Amino acid sequence: EKSKSSIRGAFILFEGCDRAGKSTQAAKLFESLDALGVPVKLWKFPDRTTLIGHMIDKYLKSGHDLDDRAIHLLFSANRWECKSVMKDILLDGTTLIVDRYAYSGVAYSAAKDLELEWCKSPDIGLLTPDIVFFMDMKAEEAAKRGGFGEELYEKKEFQEKVRDVFMLLKERTWETLDARKSVTELYEHIGKMSLKIIQECKGLPLKEDLWK
Ligand code: TMP
Ligand code: MG
């Protein structure tokens, strides 16, 4: 049964290029909040478990020929298909930690020279994160971390372009973090900020006005 309380969870987002340490910090935050008894869930985009997610996964692994705009819209559709579930979770008072979202959507597609405004438009009206931890690092340094993986976008030159677009997307809710710092040092800040945001969000309405 749905909670009747008006207390909502916080939407905490991690963004950044490949290999920046987003998943590590997201998992760490999840574990600490959970241990503190804070209701929390971890979410990841692309969500490869859905039908659309399977198509995205196949694209990333095979680099198969798909129009740049078509794959962009699939990434966006993958967020839209999760919106109502994410909304229910947040309204139920559970904090959502999300690993990548629409900012990645725009950064990776605009790095292929698609127009920025066109890239943003399909995600307009999605749930708005309460805070974005942008894990920032030069592609050169990311590459040193044992190299990139095998997936389509994991190339140094491309990642550098992606980072440039991310810079254009920074908003008031962004906390830019130096991803070269140690896991522990980064987490100290992320953990503190997250608890603060969770408190602040409790009485506030959930926003569904991304880029409006
Ligand atoms: P992952 O490595 O976090 O699983 O993401 C897979 C790749 O997909 C990664 O290179 C970033 C890219 N991506 C997009 O191009 N558009 C999107 O909307 C998202 C969420 C990820
Ligand atoms: Mg990856």
Query raised in the report: For Thr50, all conditions in the list (1) within 12 Å of ligand 1 (Cβ to nearest atom); (2) without any contact (Cβ under 8 Å) to a residue 60 or more places away in the chain hold save one; what is the number of the exception?
Result: (1)
Report summary line: Flagged in the range 57-86 as away from ligand 2 (no atom under 16 Å from the Cβ), of a type in the set (Asp, Glu) and within 16 Å of Tyr153 (Cα to Cα), in numbering order, are Asp65, Asp67, Asp68
Report task. Give the residue that is nearest to ligand 1 (Cβ to nearest atom), with candidates limited to residues of the range 92-118 that are within 12 Å of Ala10 (Cβ to Cβ) and of a type outside the set (Ser, Thr, Tyr). Result -> Val98
Query raised in the report: Scanning for something within 22 Å of Lys83 (Cβ to Cβ) and buried (at least 18 other Cβ atoms within 10 Å of the Cβ), does the range 142-156 turn up at least one residue?
Result: no
Query raised in the report: Of these, Glu157, Glu115, Glu171, Glu208, which one is more than 24 Å from Asp67 (Cα to Cα) and free of Cβ contacts under 8 Å to residues at least 60 places away in the same chain?
Result: Glu171
Query - Exclusive hit being basic (Lys, Arg), closer than 23 Å to Ser121 by Cα and touching a residue at least 24 places away in the same chain (Cβ under 8 Å), set Lys41, Lys61, Lys87 - result: Lys87
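None of the figures in this text is laboratory data; all of them are computed from the coordinates on show. Remember, it's a predicted structure, so these values are computed and weren't measured experimentally. Backbone-built Cβ (ideal geometry, glycine too); neighbour counts: all protein chains shown.
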